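These notes are about the structure you will find just below.
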Amino acid sequence: MPSDTVTRTGRPAKRAAIDAAARTVFGREGYTGASVDAIAAEAGVSKRTIYNHHQDKERLFLAVLGESTRAVAEYQRALVDRHLTDPDDVRAALEGLGHDLTTPREGFGEHFALVRIIFTEASRLPDEVLADWRSQGPQHTRARLGEHFAAWTAAGRIHAPDPGLAATHFVQLVTMEVYERSFHGARPLPRQEAEALISSGVETFLRLYGGR
């Protein structure tokens, strides 16, 4: 039977094991279906040990979702910077960014399993979970997009009087159809189909915001 004793040296490793188990169980069974008993069994610890690290199931879900959301958001911000910092070709930069944002990255599979839970169980999830995910994830990435679109507007490369709105439109036009058709990465699209959607989205974006 798992020990409830958490030593000073064992605490970080045990916390990591709990969080990894939680990502696995939540991703497999959903928020409502997952039990602390199942997470404890997956981690090889007792329920008491889990409660020593996390107050309850809601706090555990919030913790693991927040950790993976921040990691994905930082990765996406780096992609935005790499593609949109003073590019030679605006269209090519936007298409390249759309491609990279919608291409599943190794190591992020469990995160997007949690994201699928957000969409399927939103009515049953605590408001704090939903608000934190939006602020740390999608809004974080869109804020960075908006900063670049403001710089592009100042340089005359596009015309976006409201860069934040332009960022929202870019995400909706260039990435959302790929996300929806792939069920947020659960069933990746054939490359040709994804690239056609991205190119079409960029074309529409530039019709709205092309330099004037």
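Mean separation of Cα pairs under 8 Å and 6 or more residues apart, divided by the residue count, gives segment 1-111 a relative contact order of 26 percent. Adding -39500 (n - 2.57) for every DSSP H run of four residues or longer, then dividing by how many residues the chain holds, sets the calculated 222 nm ellipticity at -23000 deg cm²/dmol. Computed in the context of the full set of protein chains, the accessible area of the chain at 1.4 Å probe radius has 50% of its extent on carbon or sulfur. Comparing Thr153, Val171, Ser182 along the charge dipole axis of segment 43-197, the residue lying farthest to the positive side is Ser182, per the Cβ-charge model.
Database remark: amide H of Gly210 closer than 5 angstrom to the amide H of His159 (H placed geometrically; neighbours at sequence offset of 5 or more, or on other chains; Pro and chain starts carry no H).
Just to confirm, what accessible area per residue do you get for the chain at 1.4 Å probe, in whole Å²? Don't skip to the answer; put the middle values down first.
Details: 11140 Å² over 212 residues.
Normalised by residue count, the accessible surface of the chain is 53 Å².
For the chain, modelled as a GNM with alpha-carbon contacts under 10 angstrom, which of Gly96, Gly44, Gly201 fluctuates the most? Its mean-square fluctuation being the largest, the pick is Gly44. Using θ = phi - 60° in the Karplus curve 6.51 cos²θ - 1.76 cosθ + 1.60, the 3J(HN,Hα) couplings for segment 81-87 round to 4, 5, 7, 9, 7, 6, x Hz; x is entered for Gly and Pro.
The values are calculated or read from the model by the stated rules, or taken from the named source; none is laboratory data. From a predicted model like this one, the values you see are computed outputs, not experimental measurements. Because the Cβ atoms are built from the backbone with ideal geometry, glycine has one as well, and the counts that use them run over all protein chains shown. Side chains included, ligands, DNA and RNA excluded: accessible areas come from the protein's heavy atoms. Shrake-Rupley method; radii C 1.70, N 1.55, O 1.52, S 1.80 Å.
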